[in-house]
1. Would you say B:ILE128 is crowded, with 21+ Cβ neighbours inside 10 Å, within 12 Å of chain A (Cβ to nearest Cβ) and within 30 Å of A:TRP386 (Cα to Cα)?
2. Failed condition for A:SER441, given (1) touching an Asp or Glu at 6+ places or on another chain (Cβ under 6 Å); (2) modelled with pLDDT of 90 or more, with all others met?
3. Go through the range B:68-85 and give me each residue that's closer than 17 Å to B:GLU127 by Cβ and aliphatic (A, V, I, L, M).
4. Go over the candidates B:ARG230, B:ARG220, B:ARG216 one by one and state the one that is assigned to a loop (DSSP other than H, G, I, E, B), buried (at least 19 other Cβ atoms within 10 Å of the Cβ) and among the basic types (Lys, Arg).
5. I'd like the residue in the range B:108-122 that is modelled with pLDDT of 90 or more and of a type in the set (Ser, Thr, Tyr) and, out of all such residues, is nearest to the chain's Cα centre (by Cα).
6. Regarding the range B:333-345, can at least one residue be identified that is within 14 Å of chain A (Cβ to nearest Cβ), surrounded by fewer than 23 Cβ atoms within 10 Å (Cβ to Cβ), part of a loop (DSSP other than H, G, I, E, B) and under 25 Å from the mean Cα position of the chain (by Cα)?
7. Scan the range A:417-462 residue by residue and report those that are on the phi > 0 side of the Ramachandran plot and within 12 Å of chain B (Cβ to nearest Cβ).
Amino acid sequence: MRPIVWRWFVVSSMMVAGLAAGAETRPQYGGVLPVALRAAPASLDPADVSQNDSQDSAQADSFARRSLAGLMFDTLLSADDNGRIQPSLATAWQAVPGSQRWQFRVRRGVKFHDGAPLTAETAAASLRAANPSWNVVADADSVVIESSDANLLAELALPRNAIVKRTTDNKPSGTGPFRVVDWQPGKRLSLAAWEDYWRGRPFIDAIEIELGKSFRDQMSALELGKADLVEVAPEQARRVSQDGRRLASSSPVELLALLFTRDVASADEKLLREALALSVERGSIRNVLLQGVGEPTGGILPNWMSGYGFVFPVDADLPRARQEREQVRGRPTWILGYDGSDPLARLLAERIALNAKDAGLLLQPAATPTAELRLVRIPLASPDPWIALAGVASLAGLPTAKSHDGVEDLYALEVGMLATQRVIPLFHLPVSYASATRLESWTLRPDGSFSLADAWLASDRQ
Amino acid sequence: MRRAAYNLGIPNLSANPLCRVLTLAHLLRAVALLSFLLPSVAARVSDWNEPEQQLARKIVSVSGPGAIFLTVENRSSLSKRDNEIIQNGLRAALEGVGMRFVTLEQAAATVAIYLSENTASYVWVAEIRQGSAAAVVVMVSVPRAEGSTSAREPVPLSLRKISLWTQADPILDVAVLEENGAPTHIAVLDAEKVALYRWQAGKWQQEQMFGIVHARPWPRDLRGRLIPARDHLLDVYLPGVICRSAVGAPLALNCRETDDPWPLVPAGGGAGSISIPLMGAFFAPTRNFFTGALTPGVCKSTTVSKFYSAAWLPRDKYLLWLFAATDGHVHMVDGVSDQTARIAWGSDLTSVKTSCGAGWQVLATSPEANAEETGDSMRAYEFPDRDPVAVSAAIDFPGMIRALWTEAKGDTAIAVVKNRETGSYEAYRVAVVCSQ
């Protein structure tokens, strides 16, 4: 028996170099925090999903972009560590009885970074721009949304629905804890503490974010003291921890999967896809390529999110895979596309191709985003399982449920998605960050992004 | 469809049921009693009967009544005791719908039940296999009961903590306004209000609540103090705002924006009040520290380094002040010199006058940088000379200590902790106990 206690996020390893030698446990104001990230967004607008941070379109909603959005913008609602919806820019909300209308009362006294007050009109305009299919209007001090989306409250807590004041010069203004000082798209972002932040000015004076840095460059920057917070590749997490660095890892919030871009076209193709799914040796891939990080999965949602993830088999079954393969005449070759900027992706693709070959399938790995079969890393959109599943469905071009009642409906939806054979789940991966010892009280959110609103820099940490 | 909700800005307050411990001796008895009671309370908070019946009905709707081979596996954080209770309940529920338990060879179906969980609830999953057909999966979800933490009491008796109040919103300070062996009337300060509670009919009942008016957003790491007064009920000190309760009835709270100094030494009434000179310090209105400006000052010294907290130790001919400065050092100021020391303390310290040891002790929080995750601790120190000597074992707290202030009488302190397990804020009275 192995009790599983998943919290929203787990600090898997906090290798603190040493205790503070003085009175430093209360947060200190001041300082500049250097951060390095791999993503290189071309826009700061959290609703702009058209951009491509990498070759993989799933990365348009990368953890880095979520983190950046949280620094500059607020949402109407937020989700706490237990997934419960909490007030943010909306102080109260209610469903209008007998309709699909929701009313959200907008917080008073909140200012955008340009000094303009937050109003119901600006909030409504922001949500309309991010969700063209929603009917959103301002009504006195409230925003009224008409939507059949059963997940509306959780949707409003997503970074993509942050309240943004969009101006004609294409410089989005937010109400978040930090304001933009300098923005060089894809390269560099300079932020300063927003003195009038409605939740209280952040402790840190400024954040300097270098974008587009490889994992290796990020780790070098941390070691040289040029960055205090960096991302860590999943396969490097264990080594970083063993090196005595401060490492924080989330719950598994990223799905690594094989994704077919089209539906099954024939009975033969169905058998071949089954054979491919049965051929992948997830356990040994985890042990070798992922260095023991991540959880092998046969389901789309991680178990901590659904509670039933373990029912999907994960073990390879090569005899059965061969049996399925042998029922099909001919030997088609699939191009297995992967993200060429991700060194782990190439290794994984090659290993999956080897496994497939053992089952009699031909896979040809290639660093291309246009292949019919792709190895993808999908950041799960939310800790809310319905939204997470809908996000994967959207990416895979699959329909999703409009309403739902309970965990059995969720299971049925997931089983239905898997039955299409468009997605072959492989692993759920955590997101890891390494930080300098002087950086205190930064937090990992349940969605794998980081928050620096409460972070502070110890002045003399030894 | 999820239930429509209209949230209120102020979550419900919940009085800690442990807060009515009368004396320290009673506290010890209560701790001993609790160690027996807690497991039964935990067992009681979850009623598993309904989901057991529900899952049994779902299973029988797939397999039909008859002989089954049953396995149950706990894959959740349920305790061993709860696991046993649920397994027995499931077996009874399955028998109630016509199931018989047999060996694998005799079974018409196998049923594997997994007690799992997600972030919102427990998820009980049953995999039902009949012959060579694919397994059918049914499941029920069970709302998770709020977690409870067991109180852990350290062995040494030098420092004792007594739970006063627990609530979801951050507590800035708690003042005991009346007591009769145990507190009977308290004030609780949080970011937006002062609430008065009176112990009546065996429980805390809210007496009055006063909103705090402030024009500017509060700074992060908000701090505040409640000071009971002689001629009126109390004063409230917050960054840039001071509130004073009205004299006489009806009770009201009048707040004004001001940078007037906060009292460092409590000057409340009572038999044990401190007979040392009053000292005020200016608090930065947009920060979490005192600016270092003192009034009237330590002798001629009216400015010290910016500091988070202060403690005082009367000497024969002078008063030694200790300031936990924002630079991470402890500054020892006696009016003649300002010595800087790196002492392994946290940011919060204060003084208490007792009948133990040298008569005055400094209570200091731990320097543990990771206290948010691991919990905090506090220790009592004396200063025979200029170096601190620990005179008590560390007392543990279930989370980081967010506030530490000496109470009005001067012989005890209030510590506020954010419980790392429950996320709630808990206020404790901390006392030094002699001869243990």
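The values are calculated or read from the model by the stated rules, or taken from the named source; none is laboratory data. All values derive from a computational prediction rather than experimental measurement. So basically every Cβ, Gly included, is an ideal-geometry build from the backbone, and we count neighbours across all protein chains shown.
1. It is true that B:ILE128 is crowded, with 21+ Cβ neighbours inside 10 Å, within 12 Å of chain A (Cβ to nearest Cβ) and within 30 Å of A:TRP386 (Cα to Cα).
2. It fails just one condition, (2).
3. Across the range B:68-85, the qualifying residues are B:ILE68, B:LEU70, B:VAL72.
4. B:ARG220
5. Among those residues, the one meeting the criterion is B:TYR122.
6. yes
7. A:SER441
Here's the yes/no breakdown for (1) within 25 Å of the chain's Cα centre (by Cα); (2) away from chain B (no Cβ under 14 Å):
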{"position": "A:GLY283", "(1), (2)": "yes, yes"}
{"position": "A:LEU290", "(1), (2)": "yes, yes"}
{"position": "A:THR297", "(1), (2)": "yes, yes"}
{"position": "A:ASN303", "(1), (2)": "yes, no"}
{"position": "A:ASP315", "(1), (2)": "no, yes"}
{"position": "A:ASP342", "(1), (2)": "yes, yes"}
